[in-house]
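Okay, so here's the structure we're looking at.
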Amino acid sequence: MTLTEKKAGISLLITLAIFAYLTSNMIDGWSIPDQEARHIWRTWLFVLALGTIGETALHMWANSQRERGALEDERDKQIVARADHLGLYVGFIAINVLIWQVLLQSTYPTPAQWTLNVQHLPTLFFVLMAILFLCHGVKQVMVLVLSRTS
Amino acid sequence: MAVTKGRVLNQIRQLRIQAGLTQQELANLVGATRQTILAIEAEKYAPSLELAFRMARALSVPFETLFQFEEEEPGPRD
């Protein structure tokens with residue numbers, strides 16, 4: 001297993017753990033209840049802090065591995081670039097789906113049951129955060145997949 | 001003029017075994033990972049010119065002995 005694969009695997013685990021924290025803070029059963037703005041601020045700051053700490057620790061660990069001789073070569077860089085591109089592509093699609101939901105709800109003010117209620121701040125917050133996690137998660141999964149298949 | 005597609009073939013596996021090197025040893029000599037050598041040998045990954053020249057030098061063979069370019073036959077639509 002290359003250093004790039006190890007980094008992607010650990011980053012994916014960190015992402016899943018932080019997303020679990022976000023979900024447990026925002027979701028009650030299958031719905032997103034009303035939340036105080038203070039609660040949403042606190043959740044966002046915690047997620048940001050946990051992500052920064054996790055990725056910094058991962059970066060430091062990777063540097064120590066490089067000093068011990070672990071290598072990231074041109075193929076690894078190519079794989080990360082392709083995975084980045086795919087993550088970005090998924091984000092682009094997800095944001096466009098969200099824009100479509102916003103436009104739909106501005107056209108039909110009473111949200112249909114199958115649409116996301118983007119007028120509800122906690123829902124909009126959770127969806128935007130979920131898109132960020134989705135992009136990052138897709139990138140890490142693609143690094144793992146491409147490392148094995150290309 | 002239409003350019004036909006092609007693929008890069010290589011003789012790395014045979015020449016590496018002839019030289020008595022493992023994939024890891026060749027990887028160390030050229031500054032790549034073992035997984036990259038494996039992918040190049042399986043013709044799943046085409047290396048950069050720099051890495052290709054490093055491999056030729058490590059195996060002490062001319063570049064053309066190590067890599068060949070095979071052009072695909074143009075189809076009826078081409």
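Below is a table of values for the structure above.
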item: Residue within the stretch A:102-112 that is free of Cβ contacts under 8 Å to residues at least 60 places away in the same chain, part of a helix (DSSP H, G or I) and β-branched (Val, Ile, Thr) present; result: yes
item: Members of the stretch A:45-68 found to be within 16 Å of A:ALA20 (Cβ to Cβ) and in contact (Cβ under 8 Å) with a residue 40 or more places away in the chain, listed by number; result: A:VAL47, A:GLY54
item: Among the candidates A:LEU144, A:LEU88, A:LEU116, residue that is surrounded by fewer than 17 Cβ atoms within 10 Å (Cβ to Cβ) and either closer than 20 Å to A:LEU12 by Cβ or away from every other protein chain (no Cβ under 14 Å) (or both); result: A:LEU88
item: Residues of the stretch B:20-31 satisfying the condition of being within 16 Å of B:ALA52 (Cβ to Cβ) and among the aliphatic types (A, V, I, L, M); result: B:LEU26, B:ALA27, B:LEU29, B:VAL30
item: Residue list for the stretch B:44-53, filter: over 17 Å from A:GLU72 (Cβ atoms) and under 9 Å from the mean Cα position of the chain (by Cα); result: B:ALA46, B:ALA52
item: Tally of residues being of a type in the set (A, V, I, L, M) and more than 10 Å from chain B (Cβ to nearest Cβ) across the stretch A:66-85; result: 3
item: Qualifying position, being more than 14 Å from every other protein chain (Cβ to nearest Cβ) and touching a helix residue (DSSP H, G or I) at 6+ places or on another chain (Cβ under 8 Å), among B:VAL61, B:VAL30; result: B:VAL61
item: Scope the stretch A:9-63; condition surrounded by 13 or more Cβ atoms within 10 Å (Cβ to Cβ) and acidic (Asp, Glu); matching residues; result: A:GLU55
item: Checking B:ILE17 against (1) at pLDDT below 95; (2) away from chain A (no Cβ under 13 Å); (3) in a helix (DSSP H, G or I), the condition it does not meet; result: (1)
item: Residue within the stretch A:25-35 that is touching an Asp or Glu at 6+ places or on another chain (Cβ under 9 Å) and modelled with pLDDT under 95 present; result: no
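Quick grid of which residues meet (1) surrounded by 16 or more Cβ atoms within 10 Å (Cβ to Cβ); (2) of a type in the set (Ser, Thr, Tyr); (3) within 14 Å of the chain's Cα centre (by Cα):
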{"site": "B:LYS5", "(1), (2), (3)": "no, no, no"}
{"site": "B:LEU9", "(1), (2), (3)": "no, no, yes"}
{"site": "B:LEU15", "(1), (2), (3)": "yes, no, yes"}
{"site": "B:GLY20", "(1), (2), (3)": "no, no, no"}
{"site": "B:GLN24", "(1), (2), (3)": "no, no, no"}
{"site": "B:VAL30", "(1), (2), (3)": "yes, no, yes"}
{"site": "B:ALA42", "(1), (2), (3)": "no, no, yes"}
{"site": "B:PRO62", "(1), (2), (3)": "no, no, yes"}
{"site": "B:LEU66", "(1), (2), (3)": "yes, no, yes"}
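The values are calculated or read from the model by the stated rules, or taken from the named source; none is laboratory data. These numbers come from a predicted model, not from an experiment. Glycine also receives a Cβ, built like all others from the backbone with ideal geometry; neighbour counts cover every protein chain displayed.
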